[in-house]
Each structure stands twice: as structure tokens, then as C-alpha cells.
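Participant: What follows is a single structure, and I will ask about it in a moment.
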Amino acid sequence: MGEKEHEVIIIGMGLAALAAAARLLELGIRDIGIYAKSWGGTPFIAAINFVLPENPYGDTSEQYFKDMIAAGYRIGNKELVRDMTDHTLAGYELLRRWGVKFAENANRTKKLRHVSGHTFPRSLCSTEDLIGLEILKKMTKEFEQKGLHPRMNAECVSLLAEDGKICGITVLDSENRPENIYAPIVIAAWGGVGNLFGTSTYPPDIQGNTLAIAKKAGATLVDLEFLEYEPMVVMDPPGALGEPCPTAMLGEGGHLLNSKEERFLLRVRPQGEGGAPKTLINKQIWKEVAAGNGTPHGGVWVDLRHIDQEILEAYPWFYNRLVKNGLDPKKQLVEVGPMAHSFSGGILVDRDYQSNIKGLFAVGEACGGLHGACRCAGNAASQAVISGLLCAEAIDRQKNKVSLPGKVFSPFYASNQQIFDQYAPGIRSVAAKALGIYRDGTILSNAKAHVDAILQNEEIQKDTRTVQIAMAVSLMLEAAIKRKESRGTHMRLDFPEESPEFEREFTI
Ligand SMILES: Cc1cc2nc3c(=O)[nH]c(=O)nc-3n(C[C@H](O)[C@H](O)[C@H](O)COP(=O)(O)OP(=O)(O)OC[C@H]3O[C@@H](n4cnc5c(N)ncnc54)[C@H](O)[C@@H]3O)c2cc1C
């Protein structure tokens, strides 16, 4: 047996990992090994949705279910969506038990914001800091007190599996040496694919090579063609570049304008911009830019000037960053456009969040199939919490039926910076071009042929990370080629319509 072993290993320390670990601790499972590079997208979360009994709009979990299925273009896995919307209150209560506080109105009810894709305002927030940061601070402090010490700066480079069963993981130690850690249960909570695309809203620890790690271990993957583009990311001034303008700003009364100062979204959404699905916003921005009505940096304007100062200041991370960089949104238009963001694909899971590999679970952005072809805003965070919670409960139910694997694996990892520098930037740029908002069959096929040729090159085997990046891009291209229709975030110029024939998930 290897040097280290645990009852449960969690890969990642973002929201899904936090929720899973918190619930496991509550259920009395204490031997949890957490291995994570950093904090992923979690510190940047502004909005998280829960349907609370006290909501004043008559909102229900049934309406939430309908919204998710509709926003996902009817291909989200209905059982997983039903489980998520049925457990909305349980997710909220888990965070409350661990000390998380949400912003309130003067009458002590929770402040609810109306974000993209939802019928009603149901998005909770913090008005002092980003809610993701509030959750992270509170929960990590509690973990510390309970003796759970995650190993940070630890990158998982491989899953150890044999005969369809998980056995453990390989992580890099502080000197980049591979080390095996064993456990009969492993939770992949390693987030999405942001940095497969060069520029993205995601921090650098989300490299996207994890898709290849899962595939190599034998996991089935799903919905890899559905990459979400955040529609209103700040394009200028340079100091605020990459900061998402919350879609909740449209719910607060903000307008999108083209270079002719026309509210172009109203042409397709006469009821107003608030609550508009992200795909619709992306599509319409793309059309305006293509028609020559774009702004100097290739986006559009968001007009927030008529919104009360107090409301703008209740989004302090966004408002302060603009002001700090010399742009006052109360007086000036803000230039925004789409940027690669979160991922709706990933490891295919069952209702326990278990993959086809026994003992390998996947939660949060690491798993796919739930959001379908487009995700409601604020739902990545809710899904991270609820999937973590449900996965922990499933693990508790089966913990006595699993045992530590007997097999010892040789740790393997090849590292060659020169090979990485030679190939990885080119692969990323091919991915960014082919897997943009609008896709084309010929470009996708050429991109896949190019990346597959690199994968065949013996030389790149000298660097595991390069191989994994190439493999992950190739898998996403394969999924995008297969889906010969336009649905949600996957828009094919050569197949502009939705096709009933494709109303199903593709697994890879
Ligand atoms: C700027 C920005 C704003 C966002 N705003 C919102 C929002 O308002 N509402 C919302 O719902 N969603 C939002 N999202 C999306 C949201 O942040 C993610 O979907 C969410 O954090 C997913 O949680 P997670 O735990 O699955 O993954 P993450 O939070 O991304 O965490 C992944 C974890 O895995 C670790 N990791 C990755 N690879 C490895 C590896 N190989 N080995 C070890 N560890 C690894 C990371 O370091 C990190 O700890 C936003 C994202 C960004 C970038």
C-alpha cells in the first residue's frame, strides 16, 4: 500500500469541494484528504440561487425546475435537475449551518436579485464582498477549527483506477515530484475548463486538462460542446479587463446599447433586458458587432448611468474596480463583450453524483449534464453546493461497502517546459478560434485534425500537461463536431437551427 491513504479524497477546494467536505464532516466522516491547487472560480462568485419559503414572488422549486430545463434548451438531465431544485432549501441551510451570511433588506428578509434565465428574483448575494469569498472565508475557518487541513498547491495529475474502480490519485509535491495517494472514494471537484482558451474569466488554476485526466482513467464525459460565454465582460479600461458586469445589472434596469445607442436587445425581447438568458445576450451582441454596430474593442455598451448610486455600490467588487480604473459607471457607458466562462460539460454522473468508475464521484463544474445547453446565471454556485451535499450523503450510504484498493501504482508524471512552451499556446489558440461563440464544421474538423496530429507526435509525450491539454481540446472539438445543430451556447453557422433529432446528450 502507498505511503498515504484516506477514507475519502477530494480534488479541489472550491465551492463544490467545500460543500462535500462540510456535509461529510456533519455525517461523521473525518478522514478526508483535500488536495487542491488554489480556490478556482469560487472567490469570484457574486450570485447564488436558492428558492426560500420567505420569497415574496410566490416562487417555487417547480418553477425553478422549469426555468432550468427551459434555459438548458430541454436537454438538461431531468432527474439531476429535479434533485437539485428539490434540495434548494437544503443547500441554503447547509451554508447557513456553516456560518455563511447573505445580504438582507431593511425588513430582515433576504435581498433577492433577478439574474439571467430565471422567472423570479431568487439570487442571494453579499453586498459587502463577493458571496463566494464570504463562503470561502467562513467555511475554511470552520474546517481549520475541526482539524481538516487541505493540502494546497497540490496538483492532481492522474486518477488511479483499475477494473472500473477508483484506487486513488497522483499529485505533484512541492518539488513537482509525483506522489500517489490512495482511497476507495475520490471526489473530483476540480472545476471547469476556463484556461483551455487563453483568455477567459477564470483564474489560472482552472486549466481544463482535468477532462483528459478523467478520460484517461476511463470516465464517460458528457456535453463537452457546451462552453458558456459570459456576455458582459468589461473590455476597457485595461485595469478592469475581464471583470464580468453582473447580468443582474440588467435586472436592476441597465440597458445594452450598440454604437448607434440603440437598445438592440429589445428587438428580440420587448419585455425588457432584465432576466434575459445569457445565450440570447451573447447572440445579439455578436450580431450587432458583425453588423458593424460594435464598440472600439469589439463589444457593445452597457448603460448603468440611470441606476441609483446606492444600487451600483451594492456590487462593490464591480463598481470599485471600474472607479479605481478611472471609469465612473454613473457618468460613463461601460464597454462589454462575451468571454469564455464556465462549463456545462464534464464527467457523466448518476443521481449519487457517481461516475461510471466505481468510487469516483464528480461535483460542481467537474460534472456535466445538469445545465443542458445553457446555464441559468448564479446556478453554477447553487449546483456546486447541492451536488457536494448530495454526493456526501450518497458516500455516507455506501461507505461500509467499499475498501481500500490492494494495488500499488508507480507514480508517473513527465515534465518538459520547452515542449509545453512550444505546443500549448498554439493548441489553446486553436481551441479559442474553433470553439468560440459561433462554430463552423470545417473549422472544427480542421482544428481537431491539427490537435490530433500533435497528439500523435512522440515528442509531446515528454510533457504530460501538454498531452492533457491537447487531449481535452480534442475531446471538446469531437463533441462540437458531433452536434450538428445550434442549441444554447453551441451555435453552428453551418447548422443554424435546432434539430429534434439531437434532443439528447452526447457522451464521449
Ligand atoms: C469571474 C467569475 C465570476 C463568476 N460568477 C459566478 C456567479 O456569480 N454565480 C455562479 O453561480 N457562478 C459564477 N461563476 C462560476 C463559478 O465560479 C464556478 O462555476 C464555481 O466556482 C464552481 O465551483 P467548483 O467548486 O466546481 O469549482 P471551482 O470553484 O472552480 O474550484 C475548483 C477547484 O479545483 C482545483 N483544481 C483544479 N484543477 C486541479 C487539479 N488538477 N488538481 C488539484 N486541484 C485542482 C482548483 O484550484 C479549485 O480549488 C463565476 C466564475 C468566474 C471565473
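Rule-based calculations on the coordinates, nothing more; no lab input. Keep in mind that this is a model prediction, so the values were computed, not measured. Note: ideal-geometry Cβ built from the backbone for every residue, glycine included; neighbour counts use all protein chains shown.
Participant: Taking amide H atoms as placed 1.01 Å from N in the peptide plane, list the residues 5 or more away in sequence, or in a different chain, whose amide H sits under 5 Å from that of Cys367.
Facilitator: Residues meeting the amide H criterion: Ile347.
Participant: While we're looking at this one, here's another question. Can you give the Rg to Rh ratio for the stretch 389-429, taking only C-alpha atoms and Rh from Kirkwood?
Facilitator: 1.34
Participant: A further question follows. Which one of Leu25, Leu404, Phe226 is farthest out on the positive end of the charge dipole of the chain, using unit charges on Cβ (Lys, Arg +1; Asp, Glu -1) and the Cα centre as origin?
Facilitator: Farthest along the dipole direction, towards plus: Leu25.
Participant: How high is the relative contact order of the chain? Use alpha-carbon pairs under 8 Å, at least six apart in sequence, and give a whole percent. Before the final figure, lay out the partial values.
Facilitator: Details: 1145 pairs, mean separation 111.0, N = 508.
It comes to 22 percent, rounded to a whole number.
Participant: Ranked highest first by the average count of other Cβ atoms within 10 Å around their residues, in what order do 38-51, 401-414 fall? Don't skip to the answer; put the middle values down first.
Facilitator: Values: 38-51: 23.9, 401-414: 13.5.
Most protected by this proxy first, the peptides run 38-51, 401-414.
Participant: Take the stretch 364-508, drop everything but the C-alpha atoms, weight them equally and run the Debye formula without solvent; then report log10 I(q)/I(0) at 0.14 Å⁻¹ to two decimals.
Facilitator: -0.91
Participant: I'd like the distance between the alpha-carbon centres of the stretch 39-53 and the stretch 403-422, rounded to an integer number of Å.
Facilitator: 34 Å
Participant: To the nearest 20 debye, what charge dipole does the chain have about its Cα centre, counting +1 at the Cβ of each Lys and Arg and -1 at the Cβ of each Asp and Glu?
Facilitator: That gives the chain a dipole magnitude of about 320 debye.
Participant: Given Cβ point charges of +1 (Lys, Arg) and -1 (Asp, Glu) and nothing else, what value in debye, to the nearest 20, does the dipole of the stretch 417-502 about its Cα centre take?
Facilitator: 160 debye
Participant: Too long at a 27 Å Cα-Cα cut-off: which of Lys283/Lys482; Lys101/Lys146; Lys358/Lys433; Lys138/Lys407?
Facilitator: Lys358/Lys433; Lys138/Lys407
Participant: How large is the convex hull of the C-alpha atoms of the stretch 417-502 per residue, in Å³? Walk me through the numbers on the way to the answer.
Facilitator: Working: hull volume 6.8 nm³, N = 86.
It is 79 Å³ per residue.
Participant: Something else now. Projected area of the stretch 18-170, taken from the Cα convex hull and averaged over every viewing direction, in nm²?
Facilitator: Numbers: hull surface 45.7 nm².
Quarter of the Cα hull surface area: 11.4 nm².
Participant: Ok, one more. So if I take the centroid of the Cα atoms in the stretch 254-307 and the same for the stretch 141-195, what is the distance between those two points in Å?
Facilitator: Computed from Cα coordinates, the inter-centre distance equals 42 Å.
Participant: Can you tell me how much longer the chain between Ala70 and Gln417 gets when fully stretched, taken as 0.36 nm per residue apart minus their C-alpha distance, in nm with one decimal?
Facilitator: Length difference between fully extended and current span is 120.4 nm.
Participant: Can you divide the C-alpha Rg of the stretch 235-305 by 2.2 N^0.38 Å and report the result to two decimal places? Display every interim value, and only then the final one.
Facilitator: Values: Rg = 11.6 Å, N = 71, 2.2 N^0.38 = 11.1 Å.
After normalising by residue count via 2.2 N^0.38 Å, the value is 1.04.
Participant: Exceeding 21 Å between C-alpha atoms, which entries from my cross-link table qualify? They are Lys216/Lys448; Lys137/Lys399; Lys110/Lys141; Lys66/Lys278; Lys78/Lys216.
Facilitator: Correct reply: Lys137/Lys399; Lys110/Lys141; Lys78/Lys216.
Participant: Okay, moving on. Looking at the chain, I'd like the Rg to Rh ratio, where Rg is from alpha-carbon atoms and Rh is Kirkwood's inverse mean 1/r.
Facilitator: Across the chain, the Cα-based Rg/Rh ratio is 0.95.
Participant: Related question: Of the listed peptides 184-192, 131-139, 493-501, 324-332, what is their order by residue-averaged count of other C-beta atoms within 10 Å, with the highest listed first?
Facilitator: The densest-packed peptide leads the list: 184-192, 131-139, 324-332, 493-501.
Participant: While we're looking at this one, here's another question. Arrange the peptides 276-284, 307-315 so that the one whose residues have, on average, the most other Cβ atoms within 10 Å appears first.
Facilitator: So the peptides 276-284, 307-315, ranked by packing, come out 276-284, 307-315.
Participant: What relative contact order, as a whole-number percentage, does the stretch 317-465 give when Cα pairs under 8 Å and 6 or more residues apart are counted? Don't skip to the answer; put the middle values down first.
Facilitator: Values: 104 pairs, mean separation 24.6, N = 149.
Reported relative contact order: 16 percent.
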